[in-house]
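Below is one structure; the comments refer to it alone.
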Amino acid sequence: MSRWKHIWMGAVCAVCFLAAMVHAQTVRAQEVTIKASVDRARLYEGESLIYTLNVSNVEDLPPPELPVHDFFDVHFLGPQSYNTSSFSITPGGRSSVRRFGIIFRYRLTPRSTGEMEIPPPVVNVNGEEIAGRRITVQVLEPGAQEVALLEIEAVPAIVYPTQKCEVLLTVALKGLPAPYESRSPLEPLIREHPSLEIPWAIDENLPEKLQPEQDWKTWLGSYVYRGNHGFAINDIRRDDSLFLFFDSQRLLFQPQPERVTRTRADGEEDQYWEYTFTRTFHSNHVGEYGLGRAILRGTFAGGEIENQKVVAERVFATTPEVTITVREPPEEGRPESYIGAIGMMECEAQVTPEEVRVGDPLTLTLNLRSEGSLALAVPPDLEQIPEFAEQFRIYDASTDTQGGTRRFVYALRSKTATVDAIPSIPLSYFDVETERYVTLETERLPVDVAEAERLSAADLAKAPRDRTDENAAWETSEEGLFGKAVDISALRNQRIRPLRWAAGMGGLCGAYLAAWGVVAWRRRPRNEAEIRRRGAWKRSQNGLREARQSWERKEVRAAAEKLHQAVSGYVADTLGGDDPLLSGQDLAERLELAGLPDELVERAARIAAASEEVRFGSSSNLSVETFDDAKRLLADLASVMNMRSF
């Protein structure tokens, strides 16, 4: 009996031991740890590094703050969760290990050169602070060289709202030595193409409210080079662009080169080939817009020959950070008649009709044409012009923009018959060339205003047929109709006559229907723009429904096309425009110019960007949430636009 007792106690101890080991492994697996790492420990000034924090055994944690803002520019790239499990069988039994946590990534750009320290990161989990390791990186200053130069310029660097600014990035490469001086210095670099990092080349990297004249794919498309030598830009590849017909996986870009003579630091002259990338921007908002640093990396021909081979030199070059400053036109000297137009402007006024009576409506139209921008131009306040305020009732102006013309249309009603002309209207704009305000005045427009017809009391009370009896006089007396009716012959039979009553009601119904028909006919769409505006909502809902159906049939690209057309078409139909398929950039700009809330503009831009990525092949991710967002966006757009009566 004691033998079985010992066996039973041994089994219990073994089970307890295994349970303790499993528990210990579980406890160890659940200990929160933080691991910090960088993708490079040495980098040049102007370059960035990726800093990664792997916080294990947590499921929910806000991004840790990095105390490095004095030494680095920090850009949070987002979190990524992971969750894996593994099983193993050992002589001791079966065990399982679960690994889960969150990875946080940051882009750090050093602000100076030398040895830079990234302090230990700290996270707070359940009231306990857990720290990672300290990391040191070496930031090198680019060496002096004259083989490949990188220069940048903003022209002009200071602009006014809506004024265009050109950013020019020039790569100057030293020419090849004789006898190869007529050949491009890029030709020997077919195995290792030089690379450019241009922060402002991609629209998503641009500062908020800075608008490019062309979207990035159209702009870079003009520089795509079909040969086997050129510059790689931002590691753009075939799947990331519109250029699906190229064989090369990595796209190459090359502007038309210009051969120039430059003076070296030693005073000697040398031949260079200049490649200039030019992109145009503007902004409707005052502020400073930093575009970051451009970087050039590559191995270039140094201009010397050894053993019948051109000597190669490894080059790293960077530009200073370029900034576009958008400032308000000066307050000093600004006239009250300034309407917000910038650049040379012309104005013409028209009035219709030219002959009216007092109180009849007049339509006054101001047509503005400008060599600059009229995007911020507002209708002049006619109430502030004394002659207008005294002679006319003035109603709010409507605004319409077509091409380079902006049109303001006012409704006026004359107060007196003494009006003989529409007064001249002063309009001021800001001339960016002279940096002065210029005031124009429209011509006086002659009009003929006559007195309104007046009806006497007798005319208003006049009977529909001639009356010769004596009752006609007293029925229109001051006491009122039938005020003195004492003659029994003046009284009528008051009995109800059903046939006459039915005939009268039928006549009233017929008159109502006729009046309703006239009103409906007058309210019918008078032009194509109004027809499009009235049918915009129904077309957008049908398009959204068709897009959803295409998506359910796995026709992702067709779904993206229809989704984009539903949103873009609704905006184009409602605000007016010839192109129903606006790009994401054009869509956001149209909504912004129409004065819609920034939140709606951003939502529309996000949906357009998601559909464009699928349409152009850079993504295949189109989810049901995208369609729900588009449906809510259209409803909110309709609510705002109907309220504002676009």
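The values are calculated or read from the model by the stated rules, or taken from the named source; none is laboratory data. Owing to the predicted nature of the structure, the values given are computational and were not obtained by experimental measurement. Cβ sites come from the backbone with ideal geometry, for glycine too, and all protein chains shown count toward neighbours. Quick note on the areas: whole protein, heavy atoms, side chains included, nothing else; ligands and nucleic acids left out. Shrake-Rupley method; radii C 1.70, N 1.55, O 1.52, S 1.80 Å.
Structure notes:
- Applying 1/(1 + (r/R0)^6) with R0 = 60 Å to the Cβ-Cβ distance of Leu440 and Glu321 gives a FRET efficiency near 0.90.
- Note on Glu332 and Ala389: the model spin-label points, each 7 Å out from Cα along the C-beta direction, lie 3.0 nm apart.
- Per-residue Karplus couplings for region 322-337, computed as 6.51 cos²θ - 1.76 cosθ + 1.60 with θ equal to phi - 60°, are listed in order as 9, 10, 9, 9, 10, 10, 5, x, x, 5, 5, x, 6, x, 5, 8 Hz, Gly and Pro entered as x.
- Here the simple spin-label model places points 7 Å from the Cα toward Cβ, and for Glu181 and Glu59 these points are separated by 7.3 nm.
- Loop-located GluC sites (Glu not before Pro) in region 186-222 (DSSP state not H, G, I, E or B) with no more than 15 neighbouring Cβ atoms inside 10 Å: Glu192, Glu208, Glu213.
- Fully extending the segment from Arg133 to Thr416, taken as 0.36 nm per residue of separation minus the present Cα-Cα distance, adds 93.3 nm.
- Accessible-area composition of region 39-181, carbon plus sulfur, in percent [1.4 Å probe]: 48
- Accessible surface, region 109-257, averaged per residue in Å² (probe 1.4 Å): 50
- Whole-Hz couplings from phi, Karplus 6.51/-1.76/1.60, listed for region 35-46; x for Gly and Pro: 10, 9, 8, 10, 7, 7, 9, 10, 8, 8, 4, x
- 5 angstrom amide H check on Gly101, placed H, neighbours 5+ away: Asn57, Val58, Tyr82
- FRET efficiency, Ala502 to Arg539 (Cβ-Cβ, R0 45 Å, nearest 0.05): 0.45
- Solvent-accessible area of Thr399 with every protein chain in place, 1.4 Å probe, in Å² to the nearest 10: 70
- Low-density loop cleavage sites - trypsin sites (Lys or Arg not before Pro) in region 31-64, where at most 11 other Cβ are within 10 Å (DSSP): Arg40
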